[in-house]
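Since the structure comes first, as structure tokens, the remarks are kept for the end.
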Amino acid sequence: MKIVDLITWFETWANPAWCESWDNCGWQIEPGVLQELARVLVCLTPTLAVMEEAIALNANLIFAHHPLIFSPPKSLRIGEPIGEMARLAFTHNIGIYTAHTNFDQVADGTADVLAQILELKDVAPIVPTQDGLGYGRVGLLEPFLTLQELLTVIQNRLNPPDLIFSPSADLQQTISKVAVLGGSGASFIGAVAKTGAQAYLTSDCKFHQFQESRDRNLILIDAGHYATERPACDHLVQKFQSLNLDWVQLSTKDEDFRQFFQA
């Protein structure tokens with residue numbers, strides 16, 4: 001399959017027009033690869049380490065969730081990350097394409113994959129946008145789990161380096177309804193509370209957002225940005241493999257940029 005056909009297929013599924021106004025979905029760098037047979041390296045974040053991996057693997061497309069460019073740069077200079085990415089992309093003829101907030105909303109996108117990992121039932125968007133799509137997912141646990149059991153499931157299935165949750169008087173509290181949103185989802189706390197969910201799995205939550213959740217009687221669970229979005233990249237590789245591409249692989253150089261000190 002040619003790159004142009006792959007992108008056409010993807011955009012039919014996850015239209016870049018659904019991208020938020022502050023976001024940047026679609027082509028970040030297209031050095032003239034549209035007619036080439038797709039050799040795709042999928043990653044969460046397009047970094048220099050991923051670019052070096054793509055060069056070594058003879059990939060011609062880096063397909064990322066996070067944009068390389070969030071706002072127009074005023075200049076491109078050697079030695080600066082975006083400038084170096086652009087130089088290497090054109091030198092080695094490697095395109096960089098991003099699916100961000102459009103991929104968050106769509107069926108089988110970042111939120112749906114989290115809901116599938118937790119095996120939630122009767123799933124619906126936290127904030128609907130159009131035609132059954134939307135941000136986040138909320139659904140039922142069958143069977144119900146205690147909070148301690150839910151935290152154990154999240155730890156075992158997402159393997160975050162650190163798992164933070166808001167204070168609870170009873171880890172044996174029964175949890176029947178859970179909301180999930182991969183990446184930075186703290187701004188949706190109010191919307192989650194209205195769904196009747198007892199627990200909310202997301203990431204990048206601040207001190208006062210844990211306070212807000214407690215005051216709303218909502219258990220906030222922060223598993224980290226990488227752990228809550230990386231599974232969707234793995235799932236995307238599986239979808240691409242079903243298209244019989246010439247070559248597709250999940251990046252092994254994509255990384256969680258945080259480390260946690262163990263005394």
Testing Ser176 on (1) surrounded by fewer than 21 Cβ atoms within 10 Å (Cβ to Cβ); (2) within 27 Å of Glu255 (Cβ to Cβ); (3) at pLDDT 95 or above, one condition comes back false. Which one is that? (2)
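Any chance you could count how many residues in region 201-252 are farther than 30 Å from Gln35 by Cβ and of a type in the set (S, T, N, Q)? Break it down into steps so the answer makes sense when it comes.
In the first step, residues of region 201-252 are kept if they are farther than 30 Å from Gln35 by Cβ; the result is 201-231.
From the residues that got through so far, the ones that are of a type in the set (S, T, N, Q) too are 202-203, 209, 211, 213, 217, 228.
Residues meeting the conditions: 7.
Can you tell me which residues in region 21-44 are more than 20 Å from Cys233 (Cα to Cα) and assigned to a loop (DSSP other than H, G, I, E, B)?
Going through region 21-44, the residues more than 20 Å from Cys233 (Cα to Cα) turn out to be 21-22, 30-37.
Scanning region 21-44 gives Ser21, Trp22, Glu30, Pro31, Gly32, Val33, Leu34, Gln35, Glu36.
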Checking Ser71 against (1) within 21 Å of the chain's Cα centre (by Cα); (2) crowded, with 23+ Cβ neighbours inside 10 Å; (3) of a type in the set (Gly, Ala, Ser), the condition it does not meet: (2)
Output for region 196-213, where each listed residue is over 22 Å from the mean Cα position of the chain (by Cα) and surrounded by 14 or more Cβ atoms within 10 Å (Cβ to Cβ): Gln198, Glu212, Ser213
Here the residues within region 104-141 that are over 12 Å from the mean Cα position of the chain (by Cα) and among the polar types (S, T, N, Q) are Gln116, Thr129, Gln130
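From the set of residues in region 73-107 that are of a type in the set (D, E, K, R) and at pLDDT below 95, which is nearest to Gln130 (Cα to Cα)? Write out each step before concluding.
Going residue by residue through region 73-107, those that are of a type in the set (D, E, K, R) are 74, 77, 80, 84, 87, 104.
When the remaining residues are screened for being at pLDDT below 95, the result is 74, 77, 80.
Numbers: Lys74: 35, Arg77: 40, Glu80: 39 Å.
That would be Lys74.
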Expected output for region 162-184 (first residue under 25 Å from Asp112 (Cβ atoms), partner assigned to a strand (DSSP E or B) and among the acidic types (Asp, Glu), Cβ below 8 Å, 6+ apart or cross-chain) is Leu163/Asp222; Ile164/Asp222; Phe165/Asp222
Given (1) among the hydrophobic types (A, V, I, L, M, F, W, C); (2) touching a His at 6+ places or on another chain (Cβ under 9 Å); (3) modelled with pLDDT under 95, index of the condition Ala169 fails: (2)
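Does Leu88 satisfy the criteria of being farther than 20 Å from Gly190 by Cβ and not β-branched (Val, Ile, Thr)? Give the derivation first.
Numbers: farther than 20 Å from Gly190 by Cβ: yes; not β-branched (Val, Ile, Thr): yes.
Yes; evaluated as a whole, the condition is true for this residue.
The values are calculated or read from the model by the stated rules, or taken from the named source; none is laboratory data. All values reported here derive from a predicted model rather than from experimental measurement. Note that each Cβ is placed from the backbone with ideal geometry, even for glycine, and that neighbours are counted across all protein chains shown.
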